[in-house]
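Engineer: Sharing a structure with you now.
Please treat every number below as a calculation from the coordinates, not as lab data. Since the structure is predicted, the reported quantities are computational estimates derived from the model, not experimental observations. Here the Cβ is made from the backbone with ideal geometry for all residues, glycine too, and neighbour counts use every protein chain on show.
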Amino acid sequence: MQRIIFHVDVNNAFLSWSAIEMLKKGSKLDIRTIPSVVGGDEKKRKGVVLAKSFPAKKAGIVTGEPIYMARRKVDKLFVVQSNKEKYKEYSDAFYDILCKYTPVIERYSIDECFMDMTGTKMIFGNPVDLAYKIKDEIYKKLGFTVNVGVANNKLCAKMASDFEKPNKVHTLFNNEIKTKMWSLNVDDLFMVGKSSSKKLHELGINTIKDLAKADVAMLNRYFKSMGKIMYEYANGIDLSPVERPMPKNQGIGNSTTLPEDVTELIELKKVLRKLSSMVGIRLRLENKYATVVSVQLKNNNFFNYQHQKKLVNPISSNEDIYENACELLKNMWKGDPIRLVGLRVSDLTDKTYEQISLFEEAGKTKKRDNVQKIVDEINKKYGSNTIKSAASFDEEE
DNA sequence: TCTGGGGTCCTAGGACCC
DNA sequence: TCTGGGGTCCTAGGACCC
């Protein structure tokens, strides 16, 4: 039996959600109707476009570009600061509505879900009618528009929801692939990014149809495993299941662009201290332990580099994360002015096991885990930051 | 007031083992 | 004494997504 898959995508999510917040607070202006963007704080060097309104898009503004460049494209660009907590609330409300219609749902990102609606015709009737109903229900209850793609697999559903926006339902069933998808530019195909796009065009592959008709062996030579995937996608082939729950965290990381370039080791370590605590809290919230720690640096030339290390004993305390991060930093940092510092833990496991230890390290880790547990509990009870490590105090000035 | 932050997966090459 | 080959694990870097 053919599967029926929906892909539901919030139109200009961050911008729509900010617009609704403003309206709720009494604003007369709906920023969705004027050239506007959601962006980071320019003073903190985080000024990039995170989301844009349709009028802003029409003016040529693209996601990811610096706000100062976006301003050049529009006379009076309205800029709102992003509000992650609020966005999470809208995302949850959106997800809750979708959950009423199927248990087989995958939260693909903060503003997108896949739903497996196979076999629900008896309950909800025609899938396309249902897609309209869901779209309208979200608008009515939450005030923002979505696009819904209806297809026989996830890839086609996702491609379909990306067709014309906003507030639309599109189908891309298997028998519509040639007519609706093949004429598109290869760049529009999911998983064809900048680098593949360049190579494909050099090979004379310009449309999705060209790719679908290309020689697989040749694609494999040029693109390795990506070759096969792109070829299948171009032909509308995708057998991957809608997964619930969302595949669990493979890793947890935080990074931050610094207000100014940093050239002192002690300053970089302060940043790592903060990041260790942020990552550690998230890690312990999931009851996980990590066996890989990696540190990322971006220098003033926007050159990115990253080092990682595998640990014998899984860790979860802030102190253990910090210590390993510092070691990585020491080995990798060349003394160049640093713009961004990132810290991430991965290869997560459920519980700690200890290498029957010839080393005292394992014991130290265990002790730190126990101390951390107590600190977490106190902070939970009396507010975060009630207890901090002595070291983090020193570094705060 | 000049370019964010959160992820996943793949691959090449080195180390090491037999 | 003159150079194997299979396999695994680890790291760094790249590509892609939102």
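Engineer: So what's the back-of-envelope 222 nm ellipticity for chain A, counting only DSSP H runs of four-plus at -39500 (n - 2.57) apiece and dividing by all residues, rounded to 500?
Structural biologist: Helices in chain A give a 222 nm mean residue ellipticity of -12500 deg cm²/dmol.
Engineer: Now a separate question. Taking a threshold of 18 Å on the Cα-Cα distance, which of the pairs A:57/A:141; A:288/A:351; A:57/A:84; A:154/A:198 fall above it?
Structural biologist: The pairs that break the limit, which is 18 Å between Cα atoms, are A:57/A:141; A:57/A:84; A:154/A:198.
Engineer: Per-residue HN-Hα couplings for the stretch A:250-257, Karplus 6.51 cos²θ - 1.76 cosθ + 1.60 at θ = phi - 60°, whole Hz, x for Gly and Pro?
Structural biologist: My calculation for the stretch A:250-257 gives 8, x, 9, x, 9, 9, 8, 7 Hz in order.
Engineer: Report the semi-axes of the equivalent ellipsoid for the stretch A:133-174 in whole Å, largest first, where each axis is √(5λ) for an eigenvalue λ of the Cα gyration tensor.
Structural biologist: The answer is 20, 10, 7 Å, longest axis first.
Engineer: Most mobile of A:97, A:110, A:374 per a Gaussian network model of chain A (Cα springs, under 10 Å)?
Structural biologist: A:374
Engineer: How many angstrom separate the Cα center of the stretch A:232-279 from the Cα center of the stretch A:282-316?
Structural biologist: 9 Å
Engineer: Quick one: if you take sqrt(5λ) for each eigenvalue of the C-alpha gyration tensor of the stretch A:1-58, what semi-axes come out, biggest first, whole angstrom?
Structural biologist: Numbers: eigenvalues 150, 56, 26 Å².
Result for the stretch A:1-58: semi-axes of 27, 17, 11 Å.
Engineer: Based on the mean of other Cβ atoms within 10 Å per residue, sort peptides A:227-240, A:68-81 so the most packed one is first.
Structural biologist: My ranking of the peptides, most packed first, is A:227-240, A:68-81.
Engineer: Here is a follow-up. Is any helix in chain A, taking whole DSSP H runs, at least 24 angstrom long along its axis by alpha carbon and on average at least 0.0 on the Kyte-Doolittle scale, and which ones?
Structural biologist: Helix filter hits for chain A: A:265-285.
Engineer: Oh, and also: Starting from the eigenvalues of the Cα gyration tensor, five times each then square-rooted, give me the equivalent ellipsoid semi-axes of chain A, largest first, whole Å.
Structural biologist: 40, 27, 25
Engineer: Right, another one. Can you tell me how the stretch A:9-107 classifies by the Cα gyration tensor, rounded, prolate or oblate, using a/c under 1.5 as the rounded cut? Write out the running numbers ahead of the final one.
Structural biologist: On the way: a/c = 2.02, a/b = 1.82, b/c = 1.10.
In terms of gyration-tensor shape, prolate.
Engineer: Need one number for the stretch A:181-234: average projected area of the convex hull over its C-alpha atoms, nm².
Structural biologist: Taking the Cα atoms of the stretch A:181-234, their convex hull projects to 2.9 nm² on average.
Engineer: Compare A:159, A:191, A:115 in a GNM of chain A, Cα atoms joined below 10 Å, and give the one with the largest fluctuation.
Structural biologist: A:191
Engineer: Which value in nm describes the separation of the simple spin-label points at residue A:285 and residue A:301, placed 7 Å from the Cα toward the beta carbon?
Structural biologist: Using points 7 Å along Cα→Cβ, the separation is 3.8 nm.
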